[in-house]
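A short worksheet on the structure shown next.
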Amino acid sequence: MVDASGYTGDATLTSPIIDVSSLTSPELTFYLISDDEGNGYSSTLTVTANGDTVVTYSGNTSGWEQKIIDLSAYTTTVQLGFIFSEVSDGNAYFDDIAIDDVSVHETPSCTAPTGIVSSNILVDGADINWTAGATESAWNLEYGASGYTQGTGSDIALTATNYSITGLLSNTTYDVYVQADCGGDQSPWSGPHSFTTACGSITTFPHNEDFTSGNTSLNCWEVVNGGDANTWIFSTNGEAAIQYSSTAHDDYLISQNGIFKLVLLIELLLKQEMQIWKLAEQFDLFYPHQVHLQLTLQRQ
């Protein structure tokens with residue numbers, strides 16, 4: 001793993017020298033995770049073999065993604081390099097990169113599919129697409145709630161590189177695996193690719209939110225930042241909190257859809273330092289400056 005904080009230049013991880021002379025068609029696989037946290041500063045991972053650049057990755061991954069690289073051009077020995085780099089900017093410290101499960105092996109006779117992606121994510125479903133590993137025309141897809149054991153999920157045999165999963169639970173993370181079916185042989189599984197379904201409407205009342213850290217319900221609250229870096233956060237103390245220093249602007253904390261939508265607007269009128277505990281249940285104003293609190297209910 002490379003921590004992007006305190007950038008001072010490229011960071012290189014170099015493998016031992018690997019003798020691939022006994023392999024007919026060597027292949028490299030590994031898992032990569034990268035997330036710039038929405039700040040627009042994406043780090044780059046360059047993979048080299050004997051000093052030759054074989055592939056470059058940049059941008060966010062959808063959780064841990066498996067990468068497959070053809071090393072058939074190397075017939076004797078190979079030494080791998082994983083080079084981390086990022087924009088030389090003081091603010092470019094958000095996108096850490098990690099790799100795991102690096103493997104060099106014989107290329108399977110049935111090549112695994114790649115590039116699993118999800119789209120059109122709804123409350124109860126999502127569309128899944130992938131790229132064929134080679135010339136195969138059939139695939140197996142398996143999915144289940146995040147962390148499930150393969151073999152216990154839902155299996156579907158397919159003849160297209162896409163599938164629409166339905167009947168899912170709202171605000172739930174799912175893992176998806178895809179396998180090529182080459183007739184007499186099957187590829188290793190690709191995945192997991194993870195996605196989280198959208199939040200559904202609140203239909204059970206009373207509905208209580210205590211903002212406990214780790215609550216999946218926190219995924220359903222929308223934060224709208226109207227200005228500087230100070231905005232609504234969910235603290236580890238189990239509260240929704242906001243802290244200001246100067247600049248006047250509006251910040252919104254918006255509940256998930258229900259019969260009504262609750263909008264909490266804090267408008268800074270004077271320079272202040274303020275923290276809100278338990279969403280309008282208790283206010284602790286460290287300085288007695290004027291603030292304007294507006295609560296509105298919007299019918300959906």
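The values are calculated or read from the model by the stated rules, or taken from the named source; none is laboratory data. A quick note: this is a predicted structure, and the numbers were derived from the prediction, not measured. Because the Cβ atoms are built from the backbone with ideal geometry, glycine has one as well, and the counts that use them run over all protein chains shown.
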Which residues, counting only those in segment 4-42, are farther than 20 Å from Thr114 by Cβ, aliphatic (A, V, I, L, M) and at pLDDT 80 or above? Ala11, Leu13, Ile17, Ile18, Val20, Leu23
Restricting to segment 124-145, name every residue that is modelled with pLDDT under 95 and surrounded by 15 or more Cβ atoms within 10 Å (Cβ to Cβ). Gly133
Residues of segment 91-144 being in contact with a Cys (Cβ under 8 Å, 6 or more places away or on another chain) and of a type outside the set (A, V, I, L, M), which ones? Ser109, Cys110, Gly133, Glu136
Run down Thr216, Thr197 and say which single residue is among the polar types (S, T, N, Q), exposed (fewer than 13 other Cβ atoms within 10 Å of the Cβ) and under 23 Å from Ala126 (Cα atoms). Thr216
Please indicate, with yes or no, whether at least one residue in segment 161-172 is hydrophobic (A, V, I, L, M, F, W, C) and in contact (Cβ under 8 Å) with a residue 60 or more places away in the chain. no
Those strands (runs of 3 or more DSSP E) lying entirely in segment 157-249 with at least 2 residues under 30 Å from Ala132 (Cα atoms) and either touching a Pro at 6+ places or on another chain (Cβ under 7 Å) or modelled with pLDDT under 85 (or both): 173-180
